[in-house]
Amino acid sequence: MTTDQKIRMLLWKGLVAWMLATSFACARQAMEETARADSCFWIVRQLLFEGNKKTKEEILLRELALLPGDTLPVAHWQELLTRERNKLFNTDLFVTVEAWIAPDSATCGQLVDIHYRFRERWYVFPVFIFELADRNFSEWLYDRGADLSRTNYGMRYVQKNLRGRNERLELLFQQGFTRKYEFFYAFPYIDRNQRYGLELRTQFMRNRDIPYISQDNKLLYWRSESVNRERWNSEVRLRRREGFYLFHYLTLRYKREWVADSVLVLNPNYFTDPNNNLQRYWELQYDLVKDRRDIAVYPLRGERWGLRLIKYGIGGFSDVDAFSIRGEGERYWQLKGNWFADLSGSFRFFWTQAQPYSLARGLGYGEELPRGFQLYVMDGQHFFLLKTTLKYRFCDSSTYLRFMPLEEFRTFPLAFYGRLFFDHSYVSDKLLFYIDNRLANRWLYAYGAGIDFVTFYNVVLQAEIARNNLGETGFFFNIRGTF
C-alpha cells in the first residue's frame, strides 16, 4: 500500500469515526431531552370556566380527569387537553368548546391554570315535525314513489339541560302515517357521586297502514280505513357510569300491541298465538357500552363497543318467550394528514321456539343497514354485518354569523368528506316463514363511494353511489342529526 493510499485510508477511518461519534452524541442528546421532557410536569392550580351561563360546574367537572392539584406532563399536555375538550363537547350541551393553558410557557414544576370557554347551545326546541314513515329516504323515494301520505307531522317539544344539570324533557304530538304521543325524561345523575342516572319513557302509537310480512325482501303493507294496529310501550332505565367511558344500562320495558283480525288472516305468524290479536309481554334488557370516540356525532379517532342482552317475556304475564344477544364494535383511525379509516361490525343471535313476525327484524332497519341494500330488508334470527370505510377530509371550517340575532346560532361549522366503502353481511333464517326471503342464508356485499357534509347542530348529510353483488347500482341519500 502506497503512502497516499495509507493517508486516504486514515482520513476515511477518521471521517467514519467522527460521523459515528457525532451520531451517537446527537442520539444521546435527543434521548436526554426526551427524558427531561417526560420527567417535566406542570401542576394544575385551578380550572376556569367561561360561557357556561346555564350549565352547572358540577356537570362539567364530572367529565374532567385533570383537576386542581394534578400533574400535567409537559410532553403530552396538548393531547391530554384535547381529550378533556372532546369529553365536554360530547355532552351535547355546547356549540363550541375551547381549552388552553396559562401561562403557556411555564417551566417545569410551575403552577398553571386550565381555561375552558364554551358557547352553549339553544336548549329549548319547539320543533315542527315532518319526517318520512319509511325505513329510509331511498325506500320512500324509489319504492313508495315519494308518496307524501307516508309522512309524519306534528310538534315535538325538547327541553335540554333543565336546571343546568343536563336533564332532558321531550313531549311528542304526532299525526300522519303514524299517530304517536310520547313522554320522555332523563336524569343524568340521581346520586351525589354522579354515577347513576335514570330515564323514563312512555309512548302510544296507532296505524292504519302496517307491514304485515316481507316478500322478496320488501315490506308488504295492509291498509284499511279503520285502525289496524295500536302499540303502547313504557320503560324505566337505570344507568351506571364507571369512570368516563364505561356505561351499564338496565332497562325494564312493558309492551302491549294489538292488531286487527284481518292482519292475522294475512299473516298467522304475526303474533305467537294466531288466535289472539293482543300481545303483551315484559322485557328485561342489559347494555354494556364503552365509548372512547373523539366526537360522537362523526368520529374520526377512537373506538366504541357494546353488548346487549334481552329477555323477551318475564313471568307468567307474557305472550312471548325469547332471548337475544347483540354485539357491536367500531374503530376509527387517522392514517395521515386528512386521511381517515374506520371499521365497524355488529352481530345478533336470537333464540326462540316460535318467532312472531313482530320480532322478526334482521338487517335493513335503523342503523343495521348494509350500504348498497337500502331498498331491502333481510329478516331472520341471526345476522352479521361488517363495514369498512376510507375517508378524506376536504375541509373543516367554522364561520361566525354576526347577523344572527341569537348567540347560540351564530357559529356555523362545516366539514366536507369524501369516502370509499365496502360492506358485507349475512342473515340466517331457519324458520323460513317469510315469503321468498332470497337474501337470507347467503353472503351479501356492496362497495361504493360517497360524500358527507357535517354541519349545524350535528346534522350530517350523506349521498352515495353503491353497487351490490346482485349486480344492482343505486344512488342513496341520508340525513341524520341531534337537537
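Among residues other than residue 365 with Cβ under 10 Å from its Cβ, the summed charge is -1 (Lys and Arg +1, Asp and Glu -1).
Cα centroids of the stretch 101-145 and the stretch 278-301: 18 Å apart. By the count of neighbouring beta-carbon atoms within 10 Å, fewest first, 430, 387 end up ordered 430, 387. Cross-linked pairs 56/290; 56/160; 180/255; 87/290: Cα-Cα separations exceed 19 Å for 56/290. Within the stretch 124-480, antiparallel bridges make up roughly 100 percent of the DSSP beta bridges whose residues both belong there. Extending 7 Å from Cα along the Cβ direction at residue 323 and again at residue 157 yields two label points whose distance is 4.4 nm. As a rough footprinting exposure proxy, the listed residues 74, 124 were ranked by other beta carbons within 10 Å of their own, and the order from fewest upward is 124, 74. Straight-distance candidates among the aspartates and glutamates for linking to residue 387, with alpha-carbon spacing under 13 Å and chain neighbours fewer than 8 residues away dropped: 328, 330, 342, 367, 368, 423. Each residue of the stretch 255-263 was assigned a 3J(HN,Hα) from its phi angle through the Karplus expression (A = 6.51, B = -1.76, C = 1.60, θ = phi - 60°), giving 10, 10, 9, 10, 10, 5, 4, 4, 5 Hz with x at Gly and Pro.
Taking amide hydrogens as placed 1.01 Å from N in the peptide plane, the amide H of residue 208 sits under 5 Å from those of 228, each at least 5 positions away in sequence or on another chain. When you filter the trypsin sites (Lys or Arg not before Pro) in the stretch 174-260 for DSSP loop state and at most 13 other Cβ atoms inside 10 Å of their Cβ, you are left with 192, 223.
Efficiency by 1/(1 + (r/R0)^6): what FRET value for residue 442 and residue 203, r their Cβ-Cβ distance, R0 = 35 Å, to the nearest 0.05?
Numbers: r = 36 Å, r/R0 = 1.04.
After rounding, the FRET efficiency stands at 0.45.
A compact globular protein would have a Cα radius of gyration near 2.2 N^0.38 Å; the ratio found for the stretch 34-145 is 1.58.
Sorted on the mean count of surrounding Cβ atoms within 10 Å across their residues, most packed first, peptides 366-374, 145-153 read 366-374, 145-153. The angle between the Cα long axis of helix 3-38 and the main principal axis of the chain comes to about 50°, on a 0 to 90 degree scale.
The helix-only estimate of mean residue ellipticity at 222 nm for the chain, built from DSSP H runs of length n ≥ 4 each weighted as -39500 (n - 2.57), is -4000 deg cm²/dmol after division by the residue total.
Here the stretch 370-413 and the stretch 308-347 have alpha carbon centers that stand 19 Å from each other.
Against the chain, whose longest principal axis is taken from its Cα atoms, helix 77-89 shows a tilt of about 20°. Annotation: amide H-H contacts under 5 Å for residue 70 (H modelled 1.01 Å from N, sequence separation of 5 or more, or interchain): 44.
Quick one: grab the alpha carbon gyration tensor of the stretch 153-281, order the square roots of its eigenvalues as a ≥ b ≥ c, and give me rounded if a/c is under 1.5, else prolate or oblate depending on whether a/b is larger than b/c. Prolate is the answer for the stretch 153-281, as a/c is 1.5 or above and a/b outweighs b/c.
Computed from the alpha carbon atoms alone, the convex hull of the chain holds 227 Å³ per residue.
The antiparallel fraction among DSSP beta bridges confined to the stretch 41-120 stands at about 60%.
Each value in this text was obtained by applying a stated rule to the coordinates, not by laboratory testing. Remember, predicted model here, so these are calculated numbers, not experimental data. Don't worry about glycine lacking a Cβ; one is built from the backbone with ideal geometry, like all the others, and counts go over all protein chains shown.
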